[in-house]
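Scroll down for the structure; my scribbles are underneath it.
Nothing in this text is a laboratory measurement; each read-out follows from the coordinates by a stated rule. Note that the structure is a prediction, hence the values are computed from the model and not measured. Neighbour counts are summed over all protein chains in view; Cβ atoms, including those assigned to glycine, are modelled from backbone coordinates with ideal geometry.
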Amino acid sequence: MPDQVQLRVDGKAVTVPAGATVAVAVALAAGFCRRSITGEPRGPVCGMGICFECRVMINGEPHCRSCQILAEANMDVRTNG
Amino acid sequence: MSVRVYDAVVVGAGIVGAACADRLSREHLNVAIVDRGLVGGGATAAGMGHIVTMDDSEAQFALTRFSQQLWIELRPELPADVEYRQCGTLWVAADEPEMQEVIRKHRYYGERGVATSILTRMELAELEPKLRPDMAGALLVPEDAVIYPPCAARFVVARAEQHGAETFLGGTVERIDNGSVLLTNGTRFSAGIVVNAAGIAAPALTSTLDIKPRKGHLVITDRYPDFVRHQIVELGYLKSAHSVTADSVAFNVQPRATGQMLIGSSRQYGADHSQVDDIILSRMLRRAFEYIPGLARTSALRAWTGFRAATPDKLPLIGPWPEDRRLLLATGHEGLGITTSLGTAALLADHVVGRTPRIQPEPFLPARTFLEHVHA
Amino acid sequence: MAETMRRNFDVLVVGAGPAGLAAATSAARVGAKVGVVDDNPAVGGQIWRGEVSKATSDASNWAAKLHSLGVEVICGAQIVHHDIASRVLFAETRFALLEIRFSKLILATGARERLLPFPGWTLPNVMAAGGLQAMVKSGLPISGKRVVVAGSGPLLLAVAAYLRAHGAKVLAICEQASWNSLASFASGLLSHPGKLRQALILQRQLLGIPFWTNSWPVRALGREALERIIISRNGTQREISCDYLACGFHLVPNVELASLLGCALEGGCVRVDDAQQTSVAGVFCAGEPTGIGGLELALIEGQIAGIAAAGKSERLRELRGRRRKAQQFARRLEKAFKLRPELKTLPDSGTIVCRCEDVTHARLARHSSWRDAKNQTRCGMGPCQGRICGPATQFLFDWDPGSVRPPLFPTRVESLASVSYIAPAEHSQLTGERQ
C-alpha cells in the first residue's frame, strides 16, 4: 500500500496519508464541506458519522459522509454535494 | 364542571377541521377547535400535500376543482413555510392503452374548463429526464400544486383565531351529543352546531358512520433539487386506487419545495397498526423504480405510514347528519383531504348560513349513506 | 440494484468500541460464532480509533485479537433496519445491503457528544471535542494550530492531552462545571485507584495548559471559518483568537437502535438486567447506552454481555462485583458534570439549533413540544434525524425525544426496497395460502 493518496477536491489535487478520511482531504483543500440550506459554510463536527455536516459528493454520489469514508486514489470529491 | 359555550365546536384540527373553523369564524360564528393532538398532526402531516383536480366521478371533479380554485385564491396570503408550488401533475402513460386514457382525460378536463396538454414520449423525456425513456406519453395538468400541509393547517387555524376562534389541544373528545361535546378530561362544550372533522377517528364519535382507515406508506428522500420537476403519477394508479378491497401500490413521486422527494403510494385496508410494513414498502418502491430507476440510489431519510379516512363510495361526507340535528360531518376525504379541505369548508359554511353553494352539495350529503346501499 | 449479502452468527455485536470488542472476544472465547458490525472504517470505536500515521495501535491490536478468535468483523456498515421477530438486522455499506441473522444480539452502540448551540457554533472548525480528535487521528494536521477545548466532562482533558501531544497549542480548557463540584469528584477518585492514576497521568500531560472552571464559550466568530471565540469565565468575557474550538458538553448515549428494537429505556438509557439483557429477550446491551460510565465500565459490561449472550456463566460473579464499583464512579461523573442552567441562555434568537434544516432558536421557541416543532419547522427531520438537535432541545426546552422510526440512518432507497422483499408473485401466493 502506498504511503500517500492523491485525489481531487473541487478539481484541485490533494495528497493525504493513506488511511486518511475524505474529510481530511476536504479540510486541506477547501476548508468546508457543504453549504447549509441557508448558505452557511459547514465542516465536520462529530467526526463519527452522526452529524452529517461533512457531506460531500464523491464520484458523483451526493450526500456522502466524508468523515466515514477513506480517501482513495483518483476519487473525485465535490464540496456542497 | 363549567360548560364552555360556542356557536360551533369543530372536532379535529387537521386541515379539514382547520378550514371549517376558519370558514365558520369568518361567518361571525363563535368557534372552538378541539383536537387530542397537534394542529395538523394526524393524516394532514402524514400525507403528501398534493393540490390536484381529480376525475373519478363528476362529483369528485367538481369538489377537487372548486377546492383547487379556492387554494389559488388563497395563495397570495399563504406564508412561505406553506411552500405552495405550482409544479403541475404529470399523469404518465406506460403503454398505448394508458395513452388512450391520457386522451380521454385531456378531453374530460378540457370540456370542464381545465387546460391540460398531452405530451409525447419525446416531450415527456425532455420534461422529466429521470423517467424511464420508453414511456408512451403523459398528460400535464399545469395548475396542480404541492404544499407542506402541517404549516397550511397551522396557518388556517391561526386565521380562524384572528376571527375569534379558540383552539383546545391535547383533550380527547369522548362524546358528541345534540350540541354537547364532552372531553375525557371532563371539559364540556355546548354549541349550536358541532362539526365532526375527526378523520379516521370520526366513527368513534358518530358510531354509525361507515369510514374505514386505509393505510398508506410514504418515503422521503434527502435533497435532490431538480431530480423530478412535477408530481408524477402513473395512470395505472386509476386501476389500483379504484380497488376498495385489495392492497395496492402505485407509483407517485412528488418534488418538495426543499428539493426532497416524497415517494408513494400504497393503499391497504384492514391494517390497523401504524408500523411500516416492509413487504408493502418494497413493492411500492420497486414500482417507483420501474418508472424512475435512479430513485434506487437516492438516500431515504424516513419511511412512515398514515391512515386515510375512506368511505365506500370514495366521496367525503359533508353536511348535516340525519341522526343528530346539531351535528355536521366533514370527514371521509380519503387521500384528497388537503385539496378538498377548502371546498368542504365552503360547502359547510354555505349550509350553515343558508347560502346557495357554488357546487352541488348533494353528492356529499351524509344522508346518502342512509338512502341507498352503496356497492363497491 | 445492489446485491444483498447474507451472514449468520450465534452472537452479533453492534459497535466495535470497547464494550463491543470486550463482548465479542468474551463470547468468542467461550465458543460462540461471533460477528461484529461497525459503521466506522475500522474497529476501536472513538476512544481507540486508530491513527493513520501509526502502524500499530490499540485498534490494530484488537483487530488482530478478533481475527485470532475467528470473529468476523464488518466495518463501514451501518445498521439501518431490522426484523427483530426474525432475528435479523439490515446493514448498509457503500455498495451493498447486508442481511445479518443472529441468535443473540449485543448492542454496544456507544455514545456521542452533547453539542449545545451558541452563536457561531455552526462555523467550520468549531467541532465536537472528540470530533476534532477523530479528525486528527484520521490525518488532519494539527501541529502548531491554536485550539481551545471547551464544554464539560472528562473527555475534554483526554482530547486536550491528545492534541497537545500531536503538536497543537492548546490555549485553554474551559469546563462549565464549578471548581467545587470537580473537587468533590476528584476526592471521590481516591476510592478508584485506577481512575486516580489515569487522572495523575493526564495532569502531567496537561501541565501548563490553563484549566478554567465556570467557563464556557458564548460566541464563535469568523467569516467562512472560525477565527476567534468569546469565552465566559467566572462571569467575565474574554476574546481568544484560535484555529479550532473543540467543544462538547459531556456525552449522550446512542440508544436509537435499542429503541427501534423495542428495548425499554429508563432515564434516557437502555434498561438491562444483571446479565446486561434488555427488556427484549436475547438482546443485550453494554457500555454507554446503559448509562454513561466510561471505559472501565464499558469493558466489564461488554464481558458480561458476551459471556451471557453465549449462554455461559463463568466469571459473571466476579465481573458483577467490578461492575458495581464502576457504576459508582459513573454516578459521580454524572453529578460532577451536570450542566448549568445558564447554558440554556447561550443561543440568541437567530442561532441555528437544527443544523440540517437551519432552524433557529426563535422558530423553535414558539412550539410546545418536539413533535410540534418537528411538524412545523422540520427541526430534527434532516439526515442526522435529530441526533444533534434532539439532545440540545431536550436541554434547552425540556422536550421529550420522540420515537425512533425506520430507517435508523438515511438509507439508499434500494436498500429499503430489498428489506424483507418478497416478489409480487410469491407474495400473492403467500396471501392466498393464508386465506
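With respect to chain C, whose longest principal axis is taken over its alpha-carbon atoms, helix C:424-434 is tilted by about 70°.
Screening chain B for whole DSSP H helices with an alpha carbon extent of at least 18 angstrom along the helix axis and a mean Kyte-Doolittle hydropathy of at least -0.5 yields B:58-74, B:149-162, B:278-291, B:337-353. Only one residue of A:G43, A:G60, A:A29 has its Cα farthest out toward the positive end of the dipole of chain A, where Lys and Arg carry +1 and Asp and Glu -1 on Cβ, and that residue is A:G43. For the pair the stretch C:149-226 / the stretch C:106-126, the C-alpha centres are spaced 17 Å from each other. Split chain C at each of the trypsin sites (Lys or Arg not before Pro) in a DSSP loop with at most 14 other beta carbon atoms within 10 Å, and the longest piece is C:95-222.
What is the calculated FRET efficiency for C:K54 to C:A365, with r their C-beta to C-beta distance and R₀ = 51 Å, to the nearest 0.05?
Numbers: r = 47 Å, r/R0 = 0.92.
Taking R0 as 51 Å, the efficiency between C:K54 and C:A365 is 0.60.
Under the shape rule built on the C-alpha gyration tensor, where the axes satisfy a ≥ b ≥ c, the stretch C:115-249 is oblate, since a/c reaches at least 1.5 while a/b does not exceed b/c.
Chymotrypsin sites (Phe, Trp or Tyr not before Pro) within the stretch C:80-187: which are DSSP loop residues with at most 16 other Cβ atoms inside 10 Å?
In loop regions of the stretch C:80-187 (DSSP not H, G, I, E or B), the sparsely surrounded chymotrypsin sites (Phe, Trp or Tyr not before Pro) are C:F95.
Cut-off 10 angstrom, C-alpha nodes, Gaussian network model of chain A. Which of A:E53, A:E61, A:E40 fluctuates the most? With Cα springs under 10 Å in chain A, the top fluctuation among A:E53, A:E61, A:E40 is at A:E40. On a 18 Å Cα-Cα criterion, which of the cross-link pairs C:K54/C:K137; C:K195/C:K338; C:K104/C:K312; B:K105/B:K130; C:K169/C:K344 come out too long? With Cα atoms farther than 18 Å apart: C:K195/C:K338; B:K105/B:K130; C:K169/C:K344. One Cα centroid belongs to the stretch B:332-347, the other to the stretch C:258-305; the line between them spans 48 Å. For the pair the stretch A:1-50 / the stretch B:67-143, the C-alpha centres are spaced 42 Å from each other.
Under 16 Å from the Cα of B:K215, which lysines turn up, not counting those fewer than eight places away in the same chain? Within the straight-line cut-off, B:K215 pairs with B:K314. Within the same chain, lysines fewer than 8 places from C:K65 are excluded, and of the rest, those with a Cα less than 17 Å from its Cα are C:K33. Fully extending the segment from B:L182 to B:L169 would add 3.3 nm, taking 0.36 nm per residue of separation and subtracting the current Cα-Cα distance. Of the GluC sites (Glu not before Pro) found in the stretch B:115-209, no site is in coil according to DSSP while having at most 12 other Cβ atoms within 10 Å of its Cβ. Highest mobility in the GNM of chain B, judged by mean-square fluctuation with C-alpha springs under 10 Å and restricted to B:L301, B:L140, B:L262, is found for B:L301.
Taking 1.002 mPa s as the viscosity and 20 °C as the temperature, the Stokes-Einstein diffusion coefficient of the protein assembly as shown based on its alpha-carbon Kirkwood radius rounds to 73 µm²/s. Split chain C at each of the GluC sites (Glu not before Pro) in a DSSP loop with at most 16 other beta carbon atoms within 10 Å, and the longest piece is C:4-223. Against the main long axis of the alpha-carbon atoms of chain C, helix C:18-29 sits at an angle near 30°.
Relative to the longest principal Cα axis of chain C, at what angle does helix C:58-68 sit, 0 to 90 degrees, rounded to 10? It is inclined by approximately 10 degrees. Lacking any other cysteine beta-carbon closer than 4.7 Å, the following Cys residues of chain C have no compatible partner: C:C75, C:C174, C:C242, C:C247, C:C263, C:C269, C:C285, C:C356, C:C384.
Summing +1 for each Lys or Arg and -1 for each Asp or Glu, what net charge is found among the other residues whose Cβ lies under 12 Å from the Cβ of B:D22? So the environment of B:D22 carries a net charge of +1.
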